[in-house]
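J.: Can you read through this structure? Questions will come right after.
The values are calculated or read from the model by the stated rules, or taken from the named source; none is laboratory data. Predicted model only: the values in this text are computed from it and were never measured. Cβ atoms come from the backbone with ideal geometry, glycine included; neighbour counts cover every protein chain shown. Heavy atoms of the whole protein, side chains included, go into the accessibility calculation; ligands, DNA and RNA do not. Shrake-Rupley method; radii C 1.70, N 1.55, O 1.52, S 1.80 Å.
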Amino acid sequence: MTVKTLAYGFPRLGPDREYKRLLEGFWSGEVSEEAFRQGLEGLEALRLAAYRRHVDLYPVGEMSLYDPLLDLAVMVGVYPIDPQDLGAYYALARGKGALPLRKWFGTNYHYLAPLLPEAPRYKPHWNKPLEAFRKHPEGLPHLLGPYTLLRLAQNPPEGGERARHLEALGEVYAAFLGELKGAGAPLALLEEPALGLDGAEEDLPALERVYGRLLEALPLALLTPYLLPRPEVGAGLYPLPWAAASRDLEAPRGGPRVPILGVVEGQGVWRTPLLEVARRLREALGEGEVWLAPRAPLYHLPWRVGSPPPGLEGRLAFAEERLGELALLARLLRGEEGALAEAQAWRAPGEPPRLPPLSPPPGPRPPGPVRKEAQRDLPLPPFPTTTIGSFPQTQELRALRARFRSGKLSPEAYGEAIREAIARTIRFQEAVGLDLLVHGEPERSDMVEFFAERLEGFHTHPSGWVLSYGSRVYRPPILAGPVRRKGPLALEELRYAQSLTPKPVKAILTGPITLAAWSYLPEGASFAEAVLHLAEAIGEEVRALEGAGFRFLQIDEPALLEKLPLRAEAQPAYLELVREAFRRAVPVGPGVQVHLHLCYSEYAALRPFLEAMDPDVVSLEAARQEPRFLGALEGLDLGLGPGAFDVHSPRAVSPEEMEGRLLAYLDHIPPSRLWVNPDCGLKTRTWPEAEANLKAMVEAARRLRARFGGEDAHRT
């Protein structure tokens, strides 16, 4: 058996978030363009050095200025800008015409969804992999595939039209590959995760023709992470003369000549049982060549473990450790001296903890008419204004938390500083004229990490950062055991906020789907198990909030549609999980108005989830989307708050522009059910940016009230 190792997707974030600092420094003008580009080259050198230390095969051309799918859209002429023109490039990412953000194959990585031309007109515009190969000829040029571009676009072509677009893109890719061959590239990596999506079987004839043409231009290794192609798709594609292709470890017979087997995690953090994997590989494989790889790109993991949290020593593997696992597994299979002893020492002893039994599931929420009657006394005008929760997380706040974490600030002093920040936020909202206030979340470093730190069973890795989109990073907590509510999660801060104002304050908690989706889950526990246990813990806090008199409750579930299974046969079970989890998380009486917040999803699939969860109000990220998407939600008897402005752009939006957007929403929402809010939290904005847009938003709401009149109180 000939064993090679292949890795891809090593985090561009860097070991110390260098990518984030470079981007934000360039955007703020503190880093020159020359220094920015030099910094990216240095970061790329670090990435390639990590590959070279451990694996035989690795890609070049993965580094992006913002998002690889945006890069691909520029490469094939969808946006024929000069890739050296950073102003034009970043306008597509965060300017007035910024592309909408969507979730990448059930993960918390956000990609920018391009708008394809109606007619299949594409042209070779920028051969990015060729540029990378000329700089680093020891690596393999990497391309995201044409089928993935078509399936992830804002306007994915259907039926025969998709085949025509695929054929046109095939001509462009063949030109790219021909140039790579002329430059001496022996092989390229073609990453096509969309081949695992429903509907790929209908495109099989076109896929066979296009891939056949590409394989004539240059040998290719086909990578299909996340989901392998359905059997009928694999049966059609695997006989093509791929240099190697992804396939299932459990069914290695037949298929491509050289299988690429996903043998280590790309989305989980627990060490791989290398001896067990090696045994299974020996049983399943005969002679011939095999490439060992991760099951997903490694950018879903932090860079390296370094110093793990207490209690998790010897149990974790991040991106660099995954490279080491691949190398050690290959040595085991080759029978190299010392490999067996290293593998025996690699896996930490002991069984992973088990989650305890759940309590019986609760019944449905009180009926809508009963809730409406119980909420008649809520003090809201027509077109009520509110925000999603977070206010600007300034450098001062981050420094405050850092001093507290390091022990340089006492709990008493930290608590007083947080109360002062809450008081400032309440006064700010009153001055702006918002109707339903929030406490601003100054104590929350992150919407998941904050709750994980207050729930038993979680661990936070101090350097466990992962890129979410652009320069935005988060630190997924690690759930290693049974989850329990140790004490109040947000109750005390919310009580203090409400004591400062006669206006109502909305209590905001992260929901169980998102808590589970943006955490690393326990070994041996299913996603559904983790979600339901987290829902019970959140439900305890919700009961305490109701007991303290809070009448407005918001559950944040931005990961709701992110975790919708990619294949249709698994979706009904997920719908039932969401229904039960929401009921466990909001065990409140009819007088509490329950809000649900969602963002960055393909909303066409949303309606059955809203019917199952049955919230009173839903706020949606919508400022980068055409309002017609709301047509799928027409007729639902609930309040809707599509975003009045985009919080992920620094652009100031006028009252007139916001009013126009809100009027467009009213083509699909009755005036009595429209809420006015930003599309997401204001955490990433500065205070002047937040003030300007919130004042404009309040003015837009006032204009709607003047235009439509209405009742004294808002009805949902």
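J.: Given the chain, what percent of its DSSP beta bridges are antiparallel, to the nearest 5? Working shown, then result.
T.: On the way: 11 of 57 bridges.
So the antiparallel bridges in the chain amount to around 20 percent.
J.: Given Cβ point charges of +1 (Lys, Arg) and -1 (Asp, Glu) and nothing else, what value in debye, to the nearest 20, does the dipole of region 612-665 about its Cα centre take?
T.: On the way: 4 positive and 10 negative charges, 48 e Å.
Using only the charged Cβ atoms, the result is roughly 240 debye.
J.: Kirkwood Rh, Cα Rg: Rg to Rh for the chain?
T.: Values: Rg = 25.9 Å, Rh = 26.9 Å.
Using Cα coordinates only, the ratio equals 0.96.
J.: Treating the beta-carbon of each Lys and Arg as +1 and of each Asp and Glu as -1, no other charges, what is the dipole magnitude of region 1-115 about its Cα centre, to the nearest 20 debye?
T.: 500 debye
J.: Okay, moving on. Sorted by accessible area with a 1.4 angstrom probe, largest first, how do 1, 697 fall?
T.: Numbers: 1 75, 697 0 Å².
Highest to lowest solvent-accessible surface, that is 1, 697.
J.: Still on this structure, I have one more. Over the chain, average the accessible area per residue using a 1.4 Å probe and give it in Å², no decimals. List each step's numbers first, then the result.
T.: Numbers: 26520 Å² over 716 residues.
I get 37 Å² per residue for the chain.
J.: Still on this model: For the chain, with only Lys/Arg (+1) and Asp/Glu (-1) charged at the beta-carbon, what is the dipole magnitude about the Cα centre, in debye rounded to 20? Show your work: numbers first, answer last.
T.: Numbers: 83 positive and 93 negative charges, 170 e Å.
For the chain, the charge dipole is close to 820 debye.
J.: Which Cα, out of 112, 588, 249, lies furthest along the positive dipole direction of the chain (beta carbon charges, K/R +1, D/E -1)?
T.: 588
J.: Can you sort 391, 708 by solvent-accessible area, 1.4 Å probe, largest first? Display every interim value, and only then the final one.
T.: Values: 391 5, 708 90 Å².
Per-residue accessible area, sorted high to low, gives 708, 391.
J.: Enumerate the lysines that residue 135 could reach by cross-link, defined here as Cα to Cα under 28 Å, with residues fewer than 8 away along the same chain left out.
T.: 4, 20, 123, 181
J.: In the chain, what percent of the accessible surface is made up of carbon and sulfur (1.4 Å probe, ligands and nucleic acids excluded)? Display every interim value, and only then the final one.
T.: Working: 13970 of 26520 Å².
Using a 1.4 Å probe with all protein chains present, the chain comes out at 53 percent carbon and sulfur.
J.: Please name whichever of 28, 8, 38 sits farthest to the positive end of the charge dipole of region 1-53, dipole taken about the Cα centre and charges placed at Cβ: Lys and Arg +1, Asp and Glu -1.
T.: 8
J.: To continue, here is another question. What number, rounded to the nearest 500 deg cm²/dmol, is the helix-based mean residue ellipticity at 222 nm of the chain, given -39500 (n - 2.57) per DSSP H run of at least four residues and division by all its residues? Before the final figure, lay out each step's value.
T.: Values: 23 runs with 281 residues, N = 716.
Mean residue ellipticity at 222 nm (helix-derived): -12000 deg cm²/dmol.
J.: Looking at 54, 317, 72, which one has the Cα that reaches farthest to the positive end of the dipole of the chain (charges on Cβ: Lys, Arg +1; Asp, Glu -1)?
T.: Working it through, the farthest residue towards the positive pole turns out to be 317.
J.: Classify region 1-130 from the C-alpha gyration tensor, please: rounded if a/c falls under 1.5, else prolate or oblate depending on whether a/b exceeds b/c.
T.: Values: a/c = 1.80, a/b = 1.24, b/c = 1.45.
Verdict is oblate for region 1-130.
J.: Would you list which lysines come within 19 Å of residue 563, measuring only between C-alpha atoms, while excluding same-chain residues fewer than 8 positions from it?
T.: Of all the lysines, those that pass the test against residue 563 - Cα under 19 Å, at least 8 places apart if same chain - are 103.
J.: Tell me, Kirkwood radius of region 490-594 from alpha-carbon pair distances, in Å? Please list the in-between numbers first.
T.: Working: mean 1/r = 0.0680 Å⁻¹.
Computed over Cα pairs of region 490-594, the Kirkwood hydrodynamic radius comes out at 14.7 Å.
J.: What do you reckon, how do 331, 444, 257 stack up by accessible area (1.4 Å probe), largest on top? Please report the intermediate quantities before stating the final value.
T.: Details: 331 55, 444 10, 257 175 Å².
Result of the area sort, largest leading: 257, 331, 444.
J.: Can you give the accessible area of residue 17, probe radius 1.4 Å, in Å² rounded to 10?
T.: Probe radius 1.4 Å; accessible area of residue 17 about 70 Å².
J.: Could you tell me the calculated FRET efficiency between residue 34 and residue 708, based on Cβ-Cβ distance and R0 = 51 angstrom, to the nearest 0.05?
T.: Numbers: r = 54 Å, r/R0 = 1.05.
Efficiency at R0 = 51 Å is approximately 0.45.
J.: Could you pull the accessible area for residue 486 with a 1.4 Å probe, rounded to 10 Å²?
T.: Counting only protein heavy atoms, residue 486 exposes about 130 Å² to solvent.
J.: Measuring from the lowest to the highest alpha carbon on each principal axis, how far does region 260-376 reach, largest first, in angstroms?
T.: Ordered largest first, region 260-376 gives principal extents of 75, 36, 28 Å.
J.: Something else now. How large is the direction-averaged shadow of the alpha-carbon convex hull of region 60-106, in nm²? Walk me through the numbers on the way to the answer.
T.: Working: hull surface 15.4 nm².
Projected area, direction-averaged: 3.8 nm².
J.: Another question, then. Would you tell me the accessible area of residue 683, worked out with a 1.4 angstrom probe on the heavy atoms of the protein chains, in Å² to the nearest 10?
T.: Solvent-accessible area, nearest 10 Å²: 50 Å².
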